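I have placed the structure first, in the form of structure tokens, so that the comments after it can refer back to it.
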Amino acid sequence: MSYMKVTLITTLLLGSVATADSNYLKNTFVGVSAGYSYLNVDQRDNVGVIILGNEIQESGYNLTLQAGYHHSKNVDISLNYQRVEQDDTYENNFYLATEFKVGEYNQVTPFIGAQLGYSQLTWSKNPVNTTDNDIHSDSYMGGINLGARYPLSNNIELTMKYELNFMNHTTMIDLLNAQSQLTHNSAHNVNVGFRYLF
């Protein structure tokens, strides 16, 4: 094989590798979003309200950070951290999410998906100040998501997303032999944010 042929083949191979690396880098993304959260709370009796001194708040807001990549033409995979703030509790959620693209309409890309991860709930108010009560709760979480993305530029996308998550955070409240059980079992999140592609 001549020197020119070897040089040509080497150049083509290196060019293919460089193109693959470039495409891989363009397939990664980071994102940030914020929005409204509703955390459903089931209460076995009314003792919890007496101890807390007010009605349990179920509405709040969240901030979500993500980093991921395009696994294939229609599938995105991301690692996510979500902070949910409410009046008397806050949550730290860590989860893996998938999004399956279901087409493109006038540059809008709708998607559906699922998530699976781990959730930590902490009380920021009472029952923290009462004895023999749960302050923290850990739970696995899973759910579904749907939303849409719209490109603002070659590297920036506007994202709109709804999530329904299921978990099992149980708080046992015990005061003067009166017991109450509070269960945070599902959450709805509606977010708007941005993704940066690189």
By residue number, the members of the range 67-105 that are among the polar types (S, T, N, Q) and not in a loop (DSSP other than H, G, I, E, B) are S78, N80, Q82, Q86, T89, N92, N93, T98
Among residues of the range 101-121 being in contact with a Phe, Trp or Tyr (Cβ under 7 Å, 6 or more places away or on another chain) and surrounded by fewer than 15 Cβ atoms within 10 Å (Cβ to Cβ), the residue farthest from G193 (Cα to Cα) is Y118
D132 vs (1) modelled with pLDDT under 95; (2) surrounded by 14 or more Cβ atoms within 10 Å (Cβ to Cβ): all pass except (2)
Being open to solvent by less than 40 Å² (accessible area, probe 1.4 Å) and modelled with pLDDT of 95 or more narrows Q82, Q86 down to just Q82
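The values are calculated or read from the model by the stated rules, or taken from the named source; none is laboratory data. Quick caveat, the model's predicted, so the values are computed rather than measured. Glycine also receives a Cβ, built like all others from the backbone with ideal geometry; neighbour counts cover every protein chain displayed. Just so you know, the surface numbers come from the protein's heavy atoms only, side chains and all, with ligands and any DNA or RNA stripped out. Shrake-Rupley method; radii C 1.70, N 1.55, O 1.52, S 1.80 Å.
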